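The values are calculated or read from the model by the stated rules, or taken from the named source; none is laboratory data. Here the structure is a predicted model, which is why all the values come from computation and not from measurement. Cβ: placed from backbone, ideal geometry, glycine included. Neighbour counts: every protein chain shown. The accessibility values were calculated without ligands, DNA or RNA, using every heavy atom of the protein model including side chains. Shrake-Rupley method; radii C 1.70, N 1.55, O 1.52, S 1.80 Å.
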Amino acid sequence: VHGNTKAQRSRTQLGDPRAFTLLVLLSASRRNTILPLLPSPLSSSRLLAVPARIPSTAPSAESMEPSDLEALAEETPEEQGQSQRSPSAFSSAPPRPASQSSLKKYAPLDWLGFFDEEVDITIPGKNDVFHVYKAGSEGPVVFCLHGGGYSGLSFALSASKIKEKARVVAMDLRGHGKSTTDNDLDLSIETLSNDVLEFLKAMYGDSPPAIVLVGHSMGGSVAVHVAAKKTISKICGLVVVDVVEGTAMASLIHMQKILANRMQHFHTIEKAVEWSVKGGSLRNVESARLSVPSTLKYDESKQCYTYRTLLEETEQYWKGWYEGLSEKFLSCPVPKLLLLAGTDRLDRPLTIGQMQGKFQMVVVRNSGHAIQEDVPEEFASLVLNFVSRNRIGPNGVEIPVLRRQGN
């Protein structure tokens, strides 16, 4: 820059943020001070957080006293809130209490905007009372069975879409949600499947409507066992959501560790909802606000919320949920749909069965284990398309748009 004036040289040295960063580092090194690297505005948008901020007016090199260097790392109250939401990799400060906006973001939602009603069905001759959510008034019944540790509200968002073409019934299984039984810890596959058969008998008597069983995870196993019993002739379809025998059996040895490592106590429901989303078990905040509260109970002795279902105390039944599931699924004499969240989940019997055309399989992208919660609109469309394709119900389900896609 031989042709530049002295003032121009100063602007070149201090006006360029990268030059300013270099001056900060040089000044710090002269004082044996270690500072986090200050990114320039050209690259800061690619970083998760900015450890220190560049002042709007760059100071001269001569004025960079130790007190000035320390001031660069300070944050305004507004910036502190931003740092809380996007913690820096360079920071080890403890988390701050949840803000009001955070509490509002994870506040519970009422199911009434999604289901139409809730009822309790008492099993004759027993003290077992099963809670159920219902939606829709016409078409076949899409009977939903949730996974272990979930509840019927796991299907709330998808039910609001399915009810436009079919009826939806989502049951709280034994030991879950608002259902009460003589033994909430008896989660054997025989007990769970008999609960469903007795519930359907109590609800519909001897003239049930056309029923499509939809089961997620553990509920998928229950749905398969119910369909395989062939007790109810009006079971016309089976949808199993993200459960495969091979993968499930291989995962059982890790289950106790997984359950032990999850957060056990929550001071508020909002914190439980937040943990379910940030922990990765659910990806849809709205669905988490609907379903997570129903999976909790308040512990008076500990003055906090804990899990309603004590899954860790039911280990003796886990193997029975999944053992022989693939062959039983393939043997069910009804149209079958398997929804998976990953392509590497099929075991050998299902791979052969799928190649032979014994069931329809769809891999759902951008979803975690709880497909019906993470991508409810896509889930609802897949279920309705399945019902329409197989003409389930008195007159089938007319879904012109989906039908054109299949032609």
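Among the numbered criteria (1) within 20 Å of LEU109 (Cα to Cα); (2) without any contact (Cβ under 8 Å) to a residue 24 or more places away in the chain, which one does GLY149 miss?
Single failed check for GLY149: (2).
Testing ASN395 on (1) at pLDDT 95 or above; (2) assigned to a loop (DSSP other than H, G, I, E, B); (3) among the polar types (S, T, N, Q); (4) exposed (fewer than 14 other Cβ atoms within 10 Å of the Cβ), one condition comes back false. Which one is that?
(1)
Consider LYS257 carefully, then state whether it is surrounded by fewer than 24 Cβ atoms within 10 Å (Cβ to Cβ), over 22 Å from ARG348 (Cβ atoms) and free of Cβ contacts under 8 Å to residues at least 12 places away in the same chain.
For LYS257, the condition - surrounded by fewer than 24 Cβ atoms within 10 Å (Cβ to Cβ), over 22 Å from ARG348 (Cβ atoms) and free of Cβ contacts under 8 Å to residues at least 12 places away in the same chain - is met.
Quick one: which helices (runs of 4 or more DSSP H) sit completely within region 280-373 and have at least 1 residues that are modelled with pLDDT of 95 or more and over 25 Å from VAL226 (Cβ atoms)?
Ranges flagged: 285-291.
Of everything in region 165-186 that's open to solvent by less than 10 Å² (accessible area, probe 1.4 Å) and either in a strand (DSSP E or B) or acidic (Asp, Glu) (or both), which residue is nearest to LEU382 (Cα to Cα)?
VAL168
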